Each structure stands twice: as C-alpha cells, then as structure tokens.
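Peer 1: Attaching a single structure in structure tokens format; questions to follow.
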Amino acid sequence: MKEKLGLVMEGGAMRGLFTAGVIDVFLDQGIQTDGAIGVSAGATFGCNYLTQQKGRPLRYCIRFCKDPRFCSVPSLLTTGDMFGAEFCYHTIPEDLDPIDNETFLRRGIPFYIVCTDVNTGKAVYHQCKDLLSREELEWVRAGASMPLCSQIVKAGQYELLDGGIADSIPLKYFRWKGYTRNIVILTQPAGYLKEPNSTMPLVRAVYRKYPKLIRAMERRHLVYNRQLEYVAAAEAAGEAFVIRPPKKLPVSHLSHDPDVLREVYAIGRQTAMEQLPVLQAFLSCGSSPADRK
C-alpha cells in the first residue's frame, strides 16, 4: 500500500500567518498532500490550502484587523468572544471574503479540525465536509475558541473550546489515521518549551463546572512539550518534515498592526522558500499524490 502524505498545522492565533505564508509557497510550487489537519489558527488559516486561495488569510486580517467586530475587548465584553463569532466565522467567509467551497469540494482532500471537549478535557477530531455550511463553520469556530477569550461552542453533540488545549500538534493522531509521512508546520522556533499557564487561577474560577477541562489546561505545557519530542523523533526517522520559524515571531496573539501581520506572513514565505530544496528531497523519498494519478 502506498504511503499517504499529511499536513499538520499548529495554531497560535496571529502566529498562524506564518503558516499562511508557508502554505502559499506550497500552492505556488504545486505541493499537494493527501490530507490536512489544523489546530485553532492552523485550521482557520490552513483551510485556504484546501481551497487554494493564496493570500486570503493575510488579506482579510489586514482589512479587518482594526474593526472592533473582528477582534476587540468591546467584542469580548458585549458578546463573550474576543474574535467576533458572527463576523469572523460567518460574515467574512460567507460574504466579505468568501471561502471557495467549490474548490474545496472538487479537490476532495480530507481536512480535519481539532477541538477540545470541555466535559472530558479530551480532543475531538472532526472531518470537515463542507466549509460553507453553518454547522461546519461552527466547528471551525469551536476549534479556534481560545479559553477566557471565547464562549464555549456547541457543535454536534459536544461543548467545545480551542483544540490546542488537548492536542496542539496532532501528528500522532494523523499517523494513526494512516498518514505515515507528514509535513508539520509549527509556529514556535526550535528550542521553544511551553511554560505552565500563568492564568490558571482565573481558569479555575471561570471553568469551575468543567474540572476535566481545568485538568487538561493544568497539564497542557507537559503534553505540548512531549509532543515536541514526538515530532523530533519522527523528524529524525525521516517520517516528518518540520517547518518552523527561525526565531520567535514578532507578533502577539491579538496583534492589530498590519505591518506586523505582513512581516509574520513574509517570514513564513521566506522560511518555506529557504527549505524548499530539502522539502522536495523529503517528498521524493516517498510516494506523492502525483505518483498515484
């Protein structure tokens, strides 16, 4: 049986524009994968790889970064969501900068979104079938709903928050799904280690009805750092190709500076271009989508 090539995209809020730059190089170069999985911003920005809409995440982030409906404290205070739920996850993709759902459906590449079940503290992996249905857009929103900055989202039978709480780098899951070789896009540089969450006292107060979610957030740094070890082992074995920023990205989670957003995107493009020859060698070592046509 021929190998399947997967694409795994970490989150990181506006650090995700690094990923947007990387996947745009993939689109330029015709790099195809057999499936993709995104966490938080890795899903909201990464879905544009499946729709082949180069430049779309940067375009709408710059266009709306100063719009209070997009991301603002007033939005958090009035709606419970820092990133406006209706504006970001329905008005923009449906009307103002539409998702190319026809291309997504035509290509038929499996796309998975990671969320966290607040009742169990465990990851929920959802395959997105239709990027423009309201139900599917709610799954996208759920996967990117950062704790303390978002309301809990109901999707399917679940109550959900950001997928990064339970599974920030879902390489193990994707390998289990049969993607034996993977490109992994991280948004933190080499050597990064996650520290314990300094907001845990507030987390415990806000989510006191969800003890398993609290436990998952208490352990998140430990789980994340083990995942980095897992990624490194797969990389050393030649089973994963990892693209990460050369240094800490010059952006906060909630940056509203268009120049900073452009810079992060440009770093993603530059990093991908610099690593392109080695990536092409990695791809040539295994079967590619083109080999199976």
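The values are calculated or read from the model by the stated rules, or taken from the named source; none is laboratory data. Predicted model only: the values in this text are computed from it and were never measured. In this analysis, Cβ positions are derived from the backbone assuming ideal geometry, glycine residues included, and neighbour counts consider all displayed protein chains. Note: areas computed on protein heavy atoms with side chains; ligands, DNA, RNA excluded. Shrake-Rupley method; radii C 1.70, N 1.55, O 1.52, S 1.80 Å.
Peer 1: Given a Förster distance of 25 Å, report the FRET efficiency between Asn225 and Trp176 from their Cβ-Cβ distance, rounded to the nearest 0.05.
Peer 2: The value I calculate is 0.75.
Peer 1: Continuing with the same structure: Using Cα pairs under 8 angstrom and six or more residues apart, how large is the relative contact order of segment 139-187, in percent? It would help to have the intermediate numbers written out before the result.
Peer 2: On the way: 40 pairs, mean separation 13.1, N = 49.
It rounds to 27 percent for segment 139-187.
Peer 1: Do any of Lys172/Lys247; Lys122/Lys177; Lys54/Lys154; Lys2/Lys177; Lys154/Lys212; Lys122/Lys212 go past 19 Å between their Cα atoms, and which?
Peer 2: Too far apart for the 19 Å limit: Lys172/Lys247; Lys54/Lys154.
Peer 1: Over segment 102-212, what is the mean sequence separation of C-alpha contacts under 8 Å (at least six apart), divided by residue count, expressed as relative contact order in percent?
Peer 2: About 25 percent, as a whole number.
Peer 1: Of Ser72, Ala43, Gln53, whose Cα points farthest to the positive end of the dipole of segment 35-83 (charges on the beta-carbon: +1 Lys, Arg; -1 Asp, Glu; origin at the Cα centre)?
Peer 2: Gln53
Peer 1: Taking only the alpha carbons of segment 163-293, what extent do you get along each of the three principal axes, in Å, biggest first?
Peer 2: 53, 39, 28
Peer 1: Of all DSSP beta bridges located in the chain, what percent are antiparallel, nearest 5? The partial results should precede the final answer.
Peer 2: Details: 12 of 29 bridges.
Antiparallel: roughly 40 percent of the beta bridges in the chain.
Peer 1: Run the accessible area of segment 90-146 with a 1.4 Å probe and give the carbon-and-sulfur part as a rounded percent.
Peer 2: Here it works out to 47 percent.
Peer 1: Over the chain, give the accessible area per residue in Å² for a 1.4 Å probe, as an integer. Kindly include the intermediate steps, with their values, before the conclusion.
Peer 2: Values: 12860 Å² over 293 residues.
That works out to 44 Å² for each residue.
Peer 1: Please find the FRET efficiency linking Ser198 to Lys66, where r is the Cβ-Cβ separation and R0 is fixed at 30 Å, and quote it to the nearest 0.05.
Peer 2: Working: r = 28 Å, r/R0 = 0.94.
Rounded to the nearest 0.05, the efficiency is 0.60.
Peer 1: Taking the Cα of Ala190, stepping 7 Å toward and past its beta carbon, and measuring to each backbone N in segment 238-252: which are under 19 Å?
Peer 2: Under 19 Å, as judged by backbone N against the label point of Ala190, lie 238-250 of segment 238-252.
Peer 1: Output the relative contact order of segment 64-143, whole-number percent, from Cα pairs under 8 angstrom with separation of 6+ residues. Walk me through the numbers before you get to the answer.
Peer 2: Working: 88 pairs, mean separation 17.9, N = 80.
The value is 22 percent.
Peer 1: Hey, another quick one. Against the longest principal axis of the chain, how steep is helix 134-143, in degrees 0 to 90 to the nearest 10, with axes from Cα atoms?
Peer 2: Computed tilt is about 90 degrees.
Peer 1: Suppose every Lys and Arg Cβ carries +1 and every Asp and Glu Cβ carries -1, with no other charges. What dipole size does the chain come out with about its Cα centre, to the nearest 20 debye? Kindly include the intermediate steps, with their values, before the conclusion.
Peer 2: On the way: 36 positive and 31 negative charges, 138 e Å.
With only Lys, Arg, Asp and Glu charged at Cβ, the dipole is about 660 debye.
Peer 1: While we're on this one: State to the nearest 20 debye the size of the charge dipole of segment 1-140 about its Cα centre, where the only charges are +1 on K and R beta carbons and -1 on D and E beta carbons. Present the calculation step by step, with values, prior to reporting the outcome.
Peer 2: Working: 14 positive and 18 negative charges, 64 e Å.
The calculated dipole for segment 1-140 is roughly 300 debye.
Peer 1: Further question: Once neighbouring chains are kept in place and the probe is 1.4 Å, which whole percent of the accessible area of segment 31-71 is contributed by carbon and sulfur? Can you show the working numbers first?
Peer 2: Working: 610 of 1210 Å².
That fraction is 50 percent.
Peer 1: Among Met14, Tyr173, Leu96, which residue has its Cα furthest toward the positive end of the charge dipole of the chain, with +1 on Lys/Arg Cβ and -1 on Asp/Glu Cβ?
Peer 2: The one lying farthest along the dipole's positive direction is Tyr173.
Peer 1: Could I ask something else about it? Which angle from 0 to 90°, rounded to the nearest 10, does the C-alpha axis of helix 220-236 make with the longest principal axis of the chain?
Peer 2: 0 degrees
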